[in-house]
1. Around B:I210, which amide H atoms from residues at least 5 apart in sequence, or from another chain, sit under 5 Å from its own amide H, with H modelled in the peptide plane?
2. Work out the mean other chain Cβ neighbour count within 10 Å for the residues of B:117-127 and drop it here as an integer.
3. Hand me the tally of lysine pairs in chain A: alpha carbons under 15 angstrom apart, and the pair either on different chains or 8 or more positions apart.
4. If you consider only alpha-carbon coordinates, what radius of gyration and Dmax does the protein assembly as shown have, in Å?
5. Residue by residue through the stretch A:316-326, what is 3J(HN,Hα) from phi via Karplus (6.51 cos²θ - 1.76 cosθ + 1.60, θ = phi - 60°)? Round to whole Hz and write x for glycine and proline.
6. In chain B, once you exclude exposed trypsin sites (Lys or Arg not before Pro) (DSSP loop, at most 14 other Cβ within 10 angstrom), what's the longest stretch remaining?
7. Assuming R0 = 22 Å, can you tell me the calculated FRET efficiency for the pair A:N92 and B:Q222, based on Cβ-Cβ distance, to the nearest 0.05?
8. Between A:V199 and A:S127, what is the FRET efficiency for a Förster distance of 60 Å, r being their Cβ-Cβ separation, to the nearest 0.05?
Amino acid sequence: MADESGVLVLGDVAAGDLSLTSLELLAAGRGLADSLGQELAIGVFGATLDQPSSQAISHGADKVYAVTHPLLADYQVDVQLVAMEALVKEANPSIVLVARTNQGRELAPRLAFRLGVGLAQDCLEVSVDASSGKLLANRPVYGGNAVAVVSCNYSPQVAAIRPKAYEPLEADASRQGQVVSFPVEIDASQVRCQVVETVKEEAEGIKLEDARVVVSGGRGLGGPEPFSALEDLAKQLGGAVGASRAAVDSGWVPSSYQVGLTGKTITPDLYITVAISGASQHMAGCSGAKVIVAINKDSEANILREARYAVVGDWEQVIPAFAEAVRELVQE
Amino acid sequence: MPIKIAVLAKQVIDPEMPMAAFRVDSESKKVDTPATIPPVVNGFDENAVEAALQIKDSQEATVTVISSGTEFALDVMKKPLSMGADELVLLQDQAFGNTIDSFVTAQLLAAAVRKLDGFDLVICGRQASDWDNAQVPLGVAEILGFSCISLGKKVEVKDGKVVVERITSDGYEVVEAPLPAVVTVSNELGQPRYPTLRGIMAATRKLPTIWTAADLDVETDQLQPRLSLLDLFVPERIQQCEIIEGEDAADAGRQLALKLREAKLI
């Protein structure tokens, strides 16, 4: 392909609305499109798309491709890929942005391979190089111990953006944009994977990735029981409970609790870690927290290099007193 | 017919190495490892070996481990054999550098899977702990036209289909796909088994098959790197940590609550 131009965001719809990660992608894409002096387009996929289309425009898109097909009503990876590939070929963008959500983890690499191009994976920051006009992507590697700056040698340049790396733009209802209907052809035989059962294991209450306060426990808790104390504390603070991979691997809590590189990315205002050493793979999921608090008996633990406040001490002594004081303060 | 399983495994720098020993050479854009820290099989790839062996435990199956790289620590890469895998194939060539580019690596591994022929299932770790790209397995599926299910925590083969418990953000879903298929697995699959003494003895006697670039049928265009690494650096940490003191640990806990209140965080 030649004459590629503009930025194309591949969006997704959650319960009838354009998803939060799609709004984040629009913010990242708006910056790139403005640097290039080119158009920002978004593809939304589904059966009915009026609401997400207007949300996309008020959040920064110049153009919306409403990609419709009855098979797109519910997410199915093989179908979604066919639609995305068709749209990229139609729109012929210079840059394609995908969210590195659970779905994006499989869509972005497979799309890039279908297009025969590279993928800048799990990026925290994307920009346009002023001299070459090429995409520059910063991405954590080696579990977050290092950062790589990469560029793409082939076009389109595809990047997957880590959720919460960008803040959505303020909605502006006066923004103008164009909505283009793009019906795709999908052959039902392209469906390979069938979901036969769905099992929910999430804790009740506030969702971990939306909580303003998160209390997480790690290996040092020594078993599943102490998590009930963390649940109580989180409830006092109006927050949610998370865990390190070590706690999940030990079977103390389900994997939906895991914060980190291979778990959830969280950006709470307050992140309280209890008996978590703070390996870079864990920090990769919480480095966007505004304030990190560490409760750890090891004064050499890495978490103390990341935390704003820390108590060096045994959680069994610290937590009950801390929780009691929190209860008094919150009830005041 | 036994089920023919390939496991794609990568040799990586030990991610458990002390952080103080982690250094980046910005000139060569590579991570420097002290010679005293031996490499390991990528952790998620050990989960993949375990997933393959669980299938072999319950039905007739063969497990072939395939790896690509410039040089290998043979005792390290033989670990899957000592766990119970049958064969080891190493794609070893100076051209197969450990780069940030998943595209080329996937072409090489896909070519090896094609050359060995007849695989029903390719199982891989969800990502490697060095470049964290999480792309090669999905690329192999695309190149070979296999079905693809990612992030499995349980993998079974039934009636010509692969059945996978796939991790989702709020639990898991059971997904089925026709064979041949590529499946990636995560740590939720559970602890990989330890090598047995018998396994270790058997592994010492096995010799890996070694192929170079010349042995693999890949078009030249497919070996062109898709990405360029412009810079590699260790991010600076600027956080100043305030240690909250108290008469004892419990008092420090109370002081912490007061501090957080003062900072209007609670």
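The numbers here are math on the coordinates, done by the rules we state, and not lab data. Nothing here was measured: the structure is a model prediction, and the numbers come from that model. Cβ: placed from backbone, ideal geometry, glycine included. Neighbour counts: every protein chain shown.
1. B:L90
2. Working: counts 0, 0, 0, 0, 0, 0, 0, 0, 0, 2, 5.
If you average over the peptide's residues, the count of other-chain Cβ atoms is 1.
3. Details: A:K164/A:K207; A:K164/A:K264; A:K164/A:K290; A:K207/A:K235; A:K207/A:K264.
Summing the qualifying lysine pairs gives 5.
4. My reading of the Cα-based Rg and Dmax gives 24.3, 75 Å.
5. Rounded to whole hertz, the list is 5, 8, 6, 5, x, 5, 4, 5, 4, 5, 4.
6. Maximal segment without exposed cleavage sites: B:1-205.
7. 0.45
8. E(calc), rounded to 0.05, equals 0.90.
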